[in-house]
Amino acid sequence: MNNDGWQQEGYPINDFYSMPLQKATGKDGTQAFVEVSFPGRAVRAAIWKVHVGRIPVYLLDTNIRENSREDRDITDQLYGGNQEMRIKQEVLLGVGGKRALAELGVRPTVFHINEGHSAFLAVERLREMVQEEKKPFAEALEITEASTVFTTHTPVPAGNDRFAPELIDRYLYGYYAALGLSREQFLALGQENPGNVHSEFCMTALAIRLAAHTNGVSRLHGRVARGMWKHLWPGLPVEEVPIASITNGIHARSWISNDMGWLFNRYLGTRWMERPADQTIWQAISRIPDEELWRTHERRRERLVAFARRRLRSQLERRGATRREIQSAGEVLNPDVLTVGFARRFATYKRADLLLRDTDRLIALLTNKERPVQIIFAGKAHPADSPGKELIRRIIHFIRLNDELRRHVAFIEDYDINVARYLVQGVDVWLNTPRRPLEASGTSGMKAAANGALNVSILDGWWDEAVRDNPGIDVGWAIGNGEEYRESEAEYQDDIESRALFNLLEKEVVPLFYDRSSNGVPRGWTERMKASMRTLCPVFNTNRMVCEYTGRFYRDAENRWRDITANECKKARDLAAWKTRVFREWHNVRVTRIESDHVNELPVGKMLHVLATVSLGNLLPADVSVQVYHGRLDSHGEIVEGAATNMAFVSQGSDAVFEGDVPAIGSGQHGFAIRVVPFHPDLSNRFATRLITWSPESPG
């Protein structure tokens, strides 16, 4: 940062030859390369490999002599350049990444796209099957979709990459002919509104359309994602949009301090490292004596304070501060004081300045003589995010109000994984204040909890389910009750939640921390530490997360890929032909008549018998699923929180007749509608065609 507290960016040059990387080699033992077509030229990328534990990670590098000066810069930096640079990077990542795996002999049967940036890999898979294996596009589409998993990570619309159709023309034009598609057909794969030729090409929409499984990264984010992308399934109630959720987790061994790890080994055994998702192991946390747990945590806080002082000193020296200012870095923070940590990307929705809304109250909280508090901030804003940089600047200016505040508040610059480790391993409280529901998951609070810190957080992302799934267990503190506000109410929301945060700190958090037994141990605090670790550690870890992805998505995708490609891809071919027929005939599908044993009142527990007459055109009754969609009516007469019950085929005349029963499952006003969706046993999910027809009285 400069002397005014404004973030400055620096981009150190990575010398791959002096880093823990190695050349990824091909069959001949020399470094492997991939080639990607760009307008009027081919761009080559060298493949490098780095081992992260037991996992090889492959990196693409265009900074090689064969490329032009412009193309050598493609892989220079993550956040640089304009939209054209962005699409170059994403073509290289998706297309080049897929080709790199093939070049190295790695041929997965299932591909997992994390965020839309790499979604062009699915397009490259289509090209391989159509151009090289001579499969029809429709057949290749079924195979690609069956074996692709997509995870969306952002509930913020601006975080989803979109490109003008002209940029897609420039960099993907060759794929139109390669796939046998018109320009309009190719663009429709990624357009949110395919009927509009000027509609931008959205990478998230592309990934959703080409994946059998889509998920958000927390339960709340799954709900938000269904609302964000429901328009890709026109007419479908938002709660049925096929976007699931698998909550993120942390790799515990990478984040738990050695001190805390040794304590775990003593009382839990080493199995917590081998089986971190086993809840029975973590129950032994209760056996750790309060004194040992507290002394271990105090050591980590002391190391954090010492680290912060060293970093602050180097920051001041770098900025050319006076000798007095540099010496004062040794007096910043106190290893015995309640320490709050706030470290993350400085985006405005994360509200790093929530406590600064009442500076007088904050100063009184920090400088209380009997129960002082200190805060350590760290993090970076996106290089192009001036409002985020202004948040940092505002915090720096607050710290400089007087010498007393300098001893209670610190901002550590150049946030990285090393700074993060010291913070999550040493703070007492981990503070998180996003504007709900804009935090997809968040993982820093999980890392802090695994080290014994207590979370004080808005009920957003992972913390929402951490609290709601454990009623009656003091795993930390929730700011508010999960209220959501309109964008126009942001100022009011900030005011309300700022006061709620101050109340929590003043009335609960600070008093509990300083309530000490005769030997100086805050037993109420250590009891919360144990409850938090015992409850959260076995759930919010990568072991559970990967097992969940495997059980819910990977195995299904693998089995579907094998099934659909067996017998020379017969099922893929048949499913593609069936879809073609359904799409051609769907405009003829309509509900022509509904009959029921209509009564004004139906006792709870009784059934309402319904007959539906449906015109199917040239489709067969076996091609569709006719359903009664029923539920409680809201004040507008719309069905809310509805449920679908399949109807049985009865007879076929000029139209088909189906029957079913609607259960009266609760009191109040209820209603029902009839809907028709395509049905085939090999569909990846029941709404995979994105076709649905409602009866005229439908809520759809």
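Taking 0.36 nm per residue of separation and subtracting the Cα-Cα distance, what length does fully extending residue 49 through residue 73 add? Extra length available between residue 49 and residue 73 comes to 6.7 nm.
Take the Kirkwood radius over Cα pairs of segment 430-533, plug it into Stokes-Einstein at 37 °C and 0.692 mPa s, and you get 227 µm²/s for translational diffusion. Of all DSSP-defined beta bridges confined to the chain, some 65% are antiparallel rather than parallel.
Of interest is the spacing of the C-alpha centroids, which for segment 246-318 and segment 110-148 amounts to 43 Å. For segment 542-700, just say rounded, prolate or oblate: build the C-alpha gyration tensor, square-root its eigenvalues into a ≥ b ≥ c, call rounded for a/c under 1.5, and beyond that prolate if a/b exceeds b/c, oblate if not. The shape class here is oblate.
Once the Cα atoms are used to define both axes, helix 290-318 deviates from the longest principal axis of the chain by about 80 degrees.
Once a ≥ b ≥ c are taken as the square roots of the eigenvalues of the Cα gyration tensor of segment 174-296, is the result rounded (a/c under 1.5), prolate (a/b larger than b/c) or oblate (a/b not larger than b/c)? Note, shape of segment 174-296 comes out prolate. Projected over all directions and averaged, the alpha-carbon convex hull of segment 252-540 occupies 15.1 nm². Between residue 112 and residue 239, the contour length at 0.36 nm per residue exceeds the Cα-Cα span by 43.3 nm.
Could you tell me whether the chain comes out rounded, prolate or oblate from its Cα gyration tensor? Rule is a ≥ b ≥ c as square roots of the eigenvalues, rounded for a/c under 1.5, then prolate if a/b exceeds b/c, otherwise oblate. It is oblate, given that a/c is not under 1.5 and a/b is not larger than b/c. Within segment 325-456, the proportion of Cα pairs with more than 19 Å between them is 49 percent.
Computing FRET efficiency as 1/(1 + (r/R0)^6) for residue 598 and residue 646, where r is the C-beta to C-beta distance and R0 is 22 Å, gives about 0.55. The residue 302 and residue 3 beta-carbon pair, evaluated with R₀ = 41 Å, returns a calculated FRET efficiency of approximately 0.85. Based on Cα contacts under 8 Å between residues 6+ apart, segment 252-540 shows a relative contact order of 22 percent. For residue 606, a cut-off of 16 angstrom between C-alpha atoms picks up these aspartates and glutamates, skipping any fewer than 8 places away in its own chain: 597, 661.
Give, as ranges by residue number, the residues of segment 348-381 whose backbone N falls under 16 Å from the point 7 Å along Cα→Cβ of residue 336. It comes to 368-374, nothing else. With a cut-off of 18 Å on the backbone N, the residues of segment 518-544 near the modelled label site 7 Å out from residue 558 along Cα-Cβ are 543-544.
Taking 20 Å as the cut-off, the amide N atoms of segment 75-115 that come nearer than this to a point 7 Å along the Cα-to-beta-carbon line of residue 25 belong to 100-107.
Neighbours of residue 310, meaning other residues whose beta-carbon lies under 12 angstrom from its beta-carbon, give a summed charge of +3 when Lys and Arg score +1 and Asp and Glu score -1. The share of C-alpha pairs in segment 1-103 whose separation exceeds 24 Å stands at 30 percent.
Between residue 138 and residue 633, the C-beta separation translates, for a Förster distance of 51 Å, into a calculated FRET efficiency of about 0.80. Each other residue within a Cβ distance under 11 Å of residue 372 adds +1 if Lys or Arg and -1 if Asp or Glu, for a net charge of 0. The length gained on full extension between residue 484 and residue 418, counted as 0.36 nm times the residue separation minus their Cα-Cα distance, comes to 20.3 nm.
Taking the C-alpha atoms only, the angle from helix 165-179 to the longest principal axis of the chain is near 50 degrees.
Of the listed pairs 135/230; 98/380; 447/530, which have alpha-carbon separations greater than 23 Å here?
Too far apart for the 23 Å limit: 135/230; 98/380.
Relative to the dominant Cα principal axis of the chain, helix 490-504 is inclined by about 50°.
Residue 337 sits among other residues whose Cβ lies under 12 Å from its own Cβ, and their net charge, with Lys and Arg +1 and Asp and Glu -1, is -1.
Computed from the coordinates by the stated procedures, all read-outs in this text should not be read as laboratory data. Note that this is a predicted model, so its numbers are computed, not measured. No Cβ is skipped: glycine too gets one built from the backbone with ideal geometry, and neighbour counts run over all protein chains shown.
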